[in-house]
1. Consider LEU17 against the criteria (1) surrounded by 15 or more Cβ atoms within 10 Å (Cβ to Cβ); (2) in the same structural domain as VAL138 (by TED's automatic domain parsing): it satisfies all of them except one. Which criterion is unmet?
2. If the Cβ limit is 6 Å and pairs must be 6+ apart or interchain, which residue in the stretch 164-177 that is assigned by TED's automatic domain parsing to the domain that holds PHE139 pairs with which residue that is among the aliphatic types (A, V, I, L, M)?
3. Looking at the stretch 91-119, which of its residues are touching a residue at least 12 places away in the same chain (Cβ under 8 Å), in a helix (DSSP H, G or I), surrounded by fewer than 22 Cβ atoms within 10 Å (Cβ to Cβ) and among the aliphatic types (A, V, I, L, M)?
4. Name the residues in the stretch 166-219 that are in a loop (DSSP other than H, G, I, E, B), within 16 Å of the ligand (Cβ to nearest atom) and closer than 20 Å to VAL70 by Cβ, would you?
5. All but one of (1) open to solvent by less than 20 Å² (accessible area, probe 1.4 Å); (2) not in a strand (DSSP E or B) hold for LYS136; state the number of the condition that does not hold.
6. Run down VAL243, VAL323 and say which single residue is exposed (fewer than 15 other Cβ atoms within 10 Å of the Cβ), away from the ligand (no atom under 12 Å from the Cβ) and of a type outside the set (D, E, K, R).
7. In the set GLY250, GLY260, which member is without any contact (Cβ under 8 Å) to a residue 40 or more places away in the chain and away from the ligand (no atom under 14 Å from the Cβ)?
8. What strands (runs of 3 or more DSSP E) completely inside the stretch 44-90 contain at least 1 residues that are over 28 Å from ASP137 (Cβ atoms) and among the aliphatic types (A, V, I, L, M)?
Amino acid sequence: MKIHENHSLKGLNSFGLAVRARFFCELRRLGGLKSVVQWRRQHPELPVLLLGGGSNLLFTADYPGLVLRVRLQEREVLGSDGEFVYVRAGAGEDWHAFVRWTLEQGLAGLENLSLIPGTVGAAPVQNIGAYGVELKDVFYELQALDWRTAELREFRLADCRFGYRDSFFKSVEPERWLIASVTFRLPLQPQWNMAYAGIAEQLQGAEPSALRISDAVTALRRSKLPDPAVLGNAGSFFKNPLVSPSQWQGLKKAHPELPGWPQPDGPVKLSAAWLIEQCGWKGRREGDAGVYAGHALVLVNYGAATGAALWQLACTVMTAVQVRFGVALEPEPLVLPRLPCRHEGGVLPG
Ligand code: EPU
């Protein structure tokens, strides 16, 4: 397998940042893994970054190690147990293309997750979610390679420890596993999930179907979120924060308009977009780094922003929300490296 040196990542990250990888290679077949593992053993000091669609990443500097772009392609309907159909996809498949392919096979279950940027292999890492559905709801198992032994292991639902934009692969063992394929469990008798504001309106009274819901979700996302091919971005830049019920009571008293959703296990999820908008940051820009005018949760690169400038803007937004509401925001994408936040001459904890 060919290892390139000093490779440009500009077309490989959805912010469109002009950064470079010290080493870069593409994995197109599982058979190629052995030679990457061998190369890695010869360079134990170098970090390795697994790259899918590059849509959940902010590079604040060039990458000092090996970037391995996973391009494993595979789509297969494995069979049915009478209740579910099992479908496997290679980690390198484009997520939305795969979703539409399942719909073309007459299968439902992934329609609410339409148009999410990225790859199939990246989807479980942060348990992608939208419009009332999360990946974990349709997940059956995945195959991942252990970098230390070069062996493949199967992970079932409980092994993945899925949480809100979180998983075992993101928080517990982020460096160890290379996801090779994911198997989905799609219901033969689907229940349409149309509770989210806007989906039913998009259908305009038409009988729901997986394809129609996918089209509705696609239209909704296009109306709210910028297309990374046109304006560099990584979707929601911040997670919706969780606060305790007592903090929620206090905030709600002071700001009756604040949207919040009590979670089954106790805490209340707040709208980060609302908090940011109230702080006056929606639509503002600092040079070519900006907060998108159409949705306050999205940071955008108007062309020549650096990752460091985007990160400093994120720091400023997080500080503004902390000072005004006493709520800590957390970035959703991986920030590489996560620089300390500079603030008015002082340094805030990053
Ligand atoms: N809102 C504002 N200002 C804005 C935008 C939204 O005040 O500029 C408020 C509105 O009150 C709205 C509420 O925020 O009712 C929620 O907004 P929205 O429906 O757009 O959802 P979100 O919570 O901002 C989350 C996900 C999105 C996902 C949508 C739809 C996170 C971090 N983001 O956004 O996921 O598409 O719900 O399910 O959970 C992503 O992860 O990259 C992503 C785009």
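The values are calculated or read from the model by the stated rules, or taken from the named source; none is laboratory data. The model shown is predicted, which means the values in this text are computed figures rather than measured ones. Here Cβ is always computed from backbone atoms with ideal geometry, including for glycine, and neighbour counts include all displayed protein chains. For the accessible areas, the whole protein counts, side chains as well, though only heavy atoms, and no ligand, DNA or RNA atoms are used. Shrake-Rupley method; radii C 1.70, N 1.55, O 1.52, S 1.80 Å.
1. Evaluating LEU17 over (1) surrounded by 15 or more Cβ atoms within 10 Å (Cβ to Cβ); (2) in the same structural domain as VAL138 (by TED's automatic domain parsing) leaves (2) as the failure.
2. What qualifies is SER167/VAL125; PHE169/VAL125; LYS170/VAL125; TRP177/ALA144.
3. Scanning the stretch 91-119 gives a single hit, LEU103.
4. Going residue by residue through the stretch 166-219, those that are in a loop (DSSP other than H, G, I, E, B) are 167, 173-176, 188-198, 204-209.
Those still in the list that are within 16 Å of the ligand (Cβ to nearest atom) too: 167, 192-198.
Within the stretch 166-219, just SER167 meets the criteria.
5. (1)
6. Details: VAL243 fails: exposed (fewer than 15 other Cβ atoms within 10 Å of the Cβ).
When all the criteria are applied, what remains is VAL323.
7. Values: GLY260 fails: away from the ligand (no atom under 14 Å from the Cβ).
Going through GLY250, GLY260 in turn, the sole match is GLY250.
8. Values: elements: 48-51, 57-59, 63-70, 75-80, 84-90.
Here the list reads 48-51, 63-70.
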